Amino acid sequence: MSFVLRRDEEVSLNDLNDPRQAARLILCAARDGELEAQALLGQILLDGHGIERDPALALTWFGIAAQRGHAMARNMLGRCLEHGWGCTADPAAAAGHYALAAEADLDWAMYNLANLLATGRGVARDEAHALALYRRAADLGHAKSMNLVGRFHEEGLVVPRDVEAAYRWYERSAEAGDFRGQFSLATMLAERGDLGGALSWLQRALEGGNLNFLRVAREQLANSPLAALRQLATAYCQRAAELGDASDRSRLEAARTA
């Protein structure tokens, strides 16, 4: 990402090896009114990247950038409100910010608003509207939304059940890099007897998956009727133990002694 420093010098963060130096430059540019830097300052404050973590201050900077028309800052303002980062959780207010950012054609905002609509958090549950938003985001190349469009087709939610359509959406999601899409595709490949293809995608999902995903996926693999998939469950337990807490380490020990 690049932004303008002191209005006459473009800086690329990819060229900076020291996160603290990058944070100082971002802070200076944000204070000078550079919009991209203001949004980025909110993100590094939220993550604690090169600067002391301060979710409440991150919320402030996201708000400043959002008011100036930065769609991703608006989306991140919604994320803070949805999850209570630096504030009291307010999914209804989050939905409002997601909707504004979605109107600006931001795929992540469409996805986040769809998630609220699909579960009825902060808004009335509306699976049809959720699917429409997932489709819009997917058409923009949003990999996670592709996976969820596939799930709607596989489960027959809102639309008639269509396993072939689900397969194609999962395939698009997997190839676009979403680890959940990779897992979904692997599951369908295993069901179709393509164990080699399934294991290949499961390995890629393992490498990219976050902790919440790994915790769910390890149990699904452990309960698989296929021995090769049950064996891979241990690798998922191992990765979760590396990222997680004592409960994940205990789960790994149980998997090793099973």
(request) Working from Cα positions, state the angle (0 to 90°, nearest 10) between the long axis of helix 163-175 and the longest principal axis of the chain. (result) 50 degrees
(message) Give me the base-10 log of I(q)/I(0) for the chain at each q in 0.11 Å⁻¹, Debye formula, one uniform scatterer per Cα, rounded to two decimals.
(response) -0.74
(message) Could you tell me the center-to-center distance, by alpha carbons, between the stretch 215-235 and the stretch 104-160 in angstrom?
(response) 28 Å
(request) Could you calculate the contour length gain from residue 20 to residue 127, that is, 0.36 nm times the residue separation minus the distance between their Cα atoms, to one decimal place in nm? (result) 34.2 nm
(request) At 7 Å along the Cα-to-beta-carbon direction for both residue 85 and residue 212, put a label point, then send me their distance in nm to one decimal. (result) 1.2 nm
(request) Have a look at 160, 86, 76 and report the one farthest towards the positive end of the charge dipole of the chain, computed about the Cα centre with Cβ charges (Lys/Arg +1, Asp/Glu -1). (result) 160
(message) Placing +1 on the Cβ of each Lys and Arg and -1 on the Cβ of each Asp and Glu in the chain, which of 232, 113, 243 has its Cα farthest towards the positive end of the resulting dipole?
(response) 232
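Explain nothing, just the number: dipole magnitude of the chain about its Cα centre with +1 on each Lys and Arg Cβ and -1 on each Asp and Glu Cβ, in debye rounded to the nearest 20.
Values: 28 positive and 34 negative charges, 116 e Å.
The dipole of the chain has a size of about 560 debye.
Here, each number is a calculation from the coordinates, and none is a lab measurement. Predicted model, so just to flag it, every value in this text is computed and none were measured. Counting neighbours? That spans all protein chains shown, and the Cβs are built from the backbone with ideal geometry, glycine included.
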